[in-house]
Amino acid sequence: MTELPGDLLYTEEHEWLRREEDGSVTIGITDHAQSALGDLVYVELPEVGIDVDQAGEMAVVESVKAASDVYAPIGGNIVAVNEALADDPEKINTEPYDDGWIVRIQPSDGIDEGSLMSPDAYQEFIDALDD
Amino acid sequence: MGSKTPLFEKHNDAGARIVDFGGWDMPLHYGSQKEEHHAVRRNAGVFDVSHMTIVDLSGPRVREFLQYLLANDVAKLKQHGKALYTCMLNADGGVIDDLIIYCMSDTDYRLIVNAATRDKDLEWIREQAGAFNVVVDERAELAMVAVQGPNARQLAATSIDANYRDAALALQPFSGMQAGKVFIARTGYTGEDGWEICMPAADAATFWDDLLAAGVMPCGLGARDTLRLEAAMNLYGTDMDEMISPLEAGLSWTVAWEPAERDFIGRSALEVQRHSTDKQRFVGLLLQDKGVLRNHQRVVVDGIGEGEITSGGFSPTIGKSIALARVPAGNYENAQVDVRGKLLNVRIVKTPFVRNGQIQIDIDGDTQ
């Protein structure tokens, strides 16, 4: 298992969040999540410009094995989606924290950090799942 | 924890993701299911199929028994070593299991049945066998691997006893032979050439290591499923079960109607279905839109009715989603599938989708 990037926040739904300088938040799924899903073959992305509620369905990632919903960890406006995933969904497998990002959201409110985990906390969380 | 095959430690050593399959701890993949899939289509892969149940049947009346037990006719097995794919039906014509049967001698046959159906299969076979004085012997001490792919036989040949190598390479499709303690058959579940090999459990790990050293890629159940789906080979419990007859699962070709006087279990029920005009069709689907077809999704045929996907997934060889489905009778070439609340367009295509490394369907154009 690769080391978790230290500059990200994590959710129990195995998503990561990165705060960008313009105040938007980039979101993807973690290495643990992509590994559990297996080879990704299709990603259904939301439309740019729509609003999503916190915990609302935001995208669908489909692997050879199964389809999984990706829920918005924060509410806000979708300001960008990773169009490259349409032709190359496996970017999520190979670079989950970089080129495998999924959406960028401009939060409608602040980020509730209490509901998010630090890298160390997320590591403990997934270690406990593996036991 | 489930049952473990003699190769379980090998799977762990190779970094397999282990899943439960019919009570067995089996490898799903060893890293990339797609790479394993492509290895079998392009070169060679090996699957641990030791969880499957091997049953040897023997006795002077064994052939007569099998002609009663099975929907296909073992009389087609005119030479020792020949294999036959068949369903084993209940009295209503529903499929108890699908299996491969090998004729070992005039009085000895070998059945290979599914892992998840082991208990009910053995119970059923023993129940029917009594009247024929057939001895039913489960060979739980044997391991089994499937080496599949265009180069599988050549690469695996170096791992078998040199005394039998030429004879093994000369085996015709759907034929097997005993090679010392090992039984080798030119059969499989991938749509590629290859062997399925039964051997004493104690020899399995060495054999596995030899295959990997020869360049054969270890493959898990994930790739096995996408390969068999592309080859349009049915999966028991998914494409058919005890409520579904072979005629409703695209397996009419496995039912031997002749000779008419052969009274196999389920025959009278099948005869009624056979002459019904309202039979459902079992077809292949190719998804025209983006997305992935999955098991149990609803098929909608405009103006005709509804059906269901029995096996759906992504085809790594084609790069699109494909499925097997039971759909209403009628002549039509297009349908829609309810994929997570959206109706996506599918085209009915002639199966198999892929065979011997080659795509068999017209991806862009004409229907069957």
- Query: When you look at A:SER35, is it under 24 Å from B:GLY319 (Cβ atoms), part of a strand (DSSP E or B) and within 13 Å of chain B (Cβ to nearest Cβ), yes or no?
  - Reply: no
- Could you please let me know if B:ILE265 is outside any loop (DSSP other than H, G, I, E, B) and open to solvent by less than 20 Å² (accessible area, probe 1.4 Å)? no
- Residue list for the stretch B:28-62, filter: of a type in the set (A, V, I, L, M, F, W, C) and either within 14 Å of B:TYR189 (Cβ to Cβ) or away from chain A (no Cβ under 14 Å) (or both): B:VAL40, B:ALA44, B:VAL46, B:PHE47, B:VAL49, B:MET52, B:ILE54, B:VAL55, B:LEU57, B:VAL62
- Are there any pairs, at least 6 apart or on different chains, whose C-beta atoms fall under 6 Å, with the first in the stretch B:5-33 and of a type in the set (A, V, I, L, M) and the second in a helix (DSSP H, G or I), and if so, which? B:LEU7/B:ALA204; B:LEU7/B:TRP208; B:MET26/B:LEU221; B:LEU28/B:LEU221; B:LEU28/B:GLY222
- Message: Residues to consider are B:ASN334, B:ASN356; find the one that is of a type in the set (S, T, N, Q), open to solvent by 40 Å² or more (accessible area, probe 1.4 Å) and either in contact with a Leu (Cβ under 7 Å, 6 or more places away or on another chain) or under 28 Å from B:GLN273 (Cβ atoms) (or both).
- Response: B:ASN334
- Could you pull out the residue among B:GLY313, B:GLY330, B:GLY357 that is of a type in the set (Gly, Ala, Ser) and more than 18 Å from B:TYR189 (Cβ to Cβ)? B:GLY330
- Task: Among the residues of the stretch B:132-142, write down those that are open to solvent by less than 80 Å² (accessible area, probe 1.4 Å) and under 13 Å from B:GLY59 (Cβ atoms).
- Result: B:PHE132, B:VAL134, B:VAL136, B:ASP137
- Query: Name the pairs: first residue in the stretch A:73-102 and more than 17 Å from A:GLU57 (Cβ to Cβ), second residue among the hydroxyl-bearing types (Ser, Thr, Tyr) and open to solvent by 30 Å² or more (accessible area, probe 1.4 Å), Cβ to Cβ under 6 Å, at least 6 apart or on different chains?
  - Reply: A:PRO89/A:TYR42
- Query: Is it true that some residue in the stretch A:78-92 is under 14 Å from A:GLU15 (Cβ atoms) and either open to solvent by 50 Å² or more (accessible area, probe 1.4 Å) or in contact with a Ser or Thr (Cβ under 8 Å, 6 or more places away or on another chain) (or both)?
  - Reply: no
- Query: With B:PHE314, B:PHE353 as the choices, which residue is within 13 Å of another protein chain (Cβ to nearest Cβ) and of a type in the set (Phe, Trp, Tyr)?
  - Reply: B:PHE314
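The values are calculated or read from the model by the stated rules, or taken from the named source; none is laboratory data. Everything quoted here is computed from the prediction, not taken from an experiment. Neighbour counts are summed over all protein chains in view; Cβ atoms, including those assigned to glycine, are modelled from backbone coordinates with ideal geometry. To get the accessible areas, we keep the full protein, side chains included, count just its heavy atoms, and leave off ligands, DNA and RNA. Shrake-Rupley method; radii C 1.70, N 1.55, O 1.52, S 1.80 Å.
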